Amino acid sequence: MRHHPPYIELHCHLDGSITPEIAKKLAALQQIPLPARNDRELENLLSLPPDCENLNDFLRCFSLPLSLMQTREGIREAVFLVQENLRSQEVAYGELRFAPQLHRDQGLTQAQVLEAALEGLHRSPLLCNLILCCMRGEKDQVREANLETVELARRYLTSHGGVVALDLAGAEGLYPTRNFQEEFRLAASYGIPFTIHAGEADGPDSVRCAIELGARRIGHGVRAVLDPEVLELLKEHRIPLELCPTSNRQTRAVTDMAKYPLRQLLELGIPVTVNTDDMAICRTTVAQEFSYLRDHYGLTPQEEAVLYRNAVEAAFTDGQTKQELMAYS
């Protein structure tokens, strides 16, 4: 018998959630040889090593999963299988994010990538939506693809059962949030909701910039605690943070996990949520994230209920879906 609400996963990268089991299925489907002699080698290719130094090391783990999602069938099956994995973990609602521009190596357009993802999305009974990621990089190299992603989100935007928001992902420490104002000012002019990875590998000014651009949520945001003014902005505007404890520990976004700011943020009234970031890379599940918080921080059932309600309210979905999810709390 479950003694907690079901889980909600708001920050989950598709390419970071390709477990060894899913990778083998995708490889068999597409007749792609895997560069591993056994399951242990495969897991090591898909997951973070214990000696990860920073976010840039973390980002290297995406190479193999992306290679398995360059065809319609690979993308379609990946979305379906990741959803089914979430469903098996007592997740009642999920949001999968990915960058269509990273799935074009075999000639697919961004629109074709998205259409394949939508086909996979609709195969699973899990309540789930998609977030499209723009990518950080040298501005002249990513601008055109990012603007195409924004236009794609505008074309396919819905309130449930499809594309519900945009994101900005990638190496935050190397490519500051302020470099991507054009993309998100355009998104805001179209009325497209968006979250932005900020305050993970860069400091609180990255969070401030994301807020100024109009982000409705912040991916990670843990370094906001370094600036009381940024915390006040988050509180004033009721901007949810998508916390990912295991990922934050592994990428050294938080160097001292004894000071992980979840409870501090809750006590300030900032609507934080708990997520996995990358299930396969981090070797975690939403249930394991909550178990970690219970074991290390004494997370109480009352706090867990608050986190659940925060996630429902923060979800990029329609009111009817939120009403259904809130009934679990």
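Couple of notes before you dig in:
- Screening Tyr328 with (1) open to solvent by less than 10 Å² (accessible area, probe 1.4 Å); (2) in contact (Cβ under 8 Å) with a residue 60 or more places away in the chain gives one miss only, at (1).
- Taking the criterion of being within 28 Å of Arg123 (Cβ to Cβ), out of contact with any Phe, Trp or Tyr (no Cβ under 6 Å at 6 or more places or on another chain) and part of a loop (DSSP other than H, G, I, E, B), the only residue of the stretch 163-197 that qualifies is Ile192.
- Within the stretch 139-184, being open to solvent by 10 Å² or more (accessible area, probe 1.4 Å), in contact with an Asp or Glu (Cβ under 8 Å, 6 or more places away or on another chain) and modelled with pLDDT of 95 or more holds for Arg143, Leu147, Tyr175, Pro176.
- No other residue among Ala188, Ala210, Ala201 is at pLDDT below 95, over 23 Å from Glu119 (Cβ atoms) and not hydroxyl-bearing (Ser, Thr, Tyr) apart from Ala201.
- Any hit, the stretch 314-326, residues being in a helix (DSSP H, G or I) and in contact with a Lys or Arg (Cβ under 9 Å, 6 or more places away or on another chain): yes
- When the residues of the stretch 204-222 are filtered to those that are open to solvent by less than 20 Å² (accessible area, probe 1.4 Å) and assigned to a loop (DSSP other than H, G, I, E, B), the one that is farthest from Val272 (Cα to Cα) is Ala215.
- Of the helices (runs of 4 or more DSSP H) lying entirely inside the stretch 231-298, the ones with 2 or more residues being over 18 Å from Ile196 (Cα atoms) and open to solvent by 10 Å² or more (accessible area, probe 1.4 Å) are found at 245-250, 262-268, 286-297.
- Beta carbons closer than 6 Å, at least 6 apart along the sequence or on distinct chains, pair a first residue in the stretch 69-91 that is without any contact (Cβ under 8 Å) to a residue 40 or more places away in the chain with a second that is open to solvent by 20 Å² or more (accessible area, probe 1.4 Å) for Gln70/Asp105; Gln70/Gln106.
- When Val225 is tested against the conditions (1) part of a helix (DSSP H, G or I); (2) open to solvent by less than 10 Å² (accessible area, probe 1.4 Å); (3) of a type in the set (A, V, I, L, M, F, W, C), the lone failure is (2).
- Meets criteria (of a type in the set (S, T, N, Q), modelled with pLDDT of 95 or more, over 25 Å from Ser88 (Cα atoms) and in a loop (DSSP other than H, G, I, E, B)) for Gln106: yes
The values are calculated or read from the model by the stated rules, or taken from the named source; none is laboratory data. Predicted, not measured: the structure shown is a model, and the values here were computed from it. So basically every Cβ, Gly included, is an ideal-geometry build from the backbone, and we count neighbours across all protein chains shown. The area values use the complete protein model at the heavy-atom level, side chains included, leaving out ligands, DNA and RNA. Shrake-Rupley method; radii C 1.70, N 1.55, O 1.52, S 1.80 Å.
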